[in-house]
Amino acid sequence: MSGPPPEPAETGPPASHRVDPYLRPMGRILLGGVLLSVGILLIGVIDLFVRGPGAVNVGPVSYSARGWIGALGAGEPEAIFLLGLVVLVLTPLTRVLFSVAMFIEERDRPFIAMTLFVLSLLAVGALVGLKL
């Protein structure tokens, strides 16, 4: 008789079910940004229905930063919609910033360089977009 089977050396989930400790925060960043954006856009839709269709400027809307903040304070639906879209656009940017911090913490130089390159492309794109 050989006796009872040996106990497994390791407890917990198998390696295929383990989650990278950075994966959950990244998922939360993306999900939180999308949910926040959707919530802001819904507020804009509700505000539009309360004010009626005549409350929206049908033509192109152009705000300076100060004008946009003032329009938000006045509760203008266009400004609320724009805020929702800005939050949606900033969500992946936040994820890239989190990735830079994560790679710096892990001292992973090639990924730090690649992520900073992606961040620089996003910054150039934003600057070009602001000039147009």
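Read-outs: derived from the displayed coordinates by stated rules, not from any lab. None of the values given here were measured: they were computed from a predicted structure. Glycine also receives a Cβ, built like all others from the backbone with ideal geometry; neighbour counts cover every protein chain displayed.
Here are the numbers for this structure:
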{"read-out": "Computed lengthening from ARG109 to LEU42, 0.36 nm per intervening residue step minus Cα-Cα distance", "value": "20.0 nm"}
{"read-out": "Estimated FRET transfer efficiency when R0 is 25 angstrom, pair LEU90-PHE49 (beta carbons, to 0.05)", "value": "0.40"}
{"read-out": "Computed label-point distance, nm, for sites LEU97 and LEU119 using a 7 Å Cα→Cβ extension", "value": "0.9"}
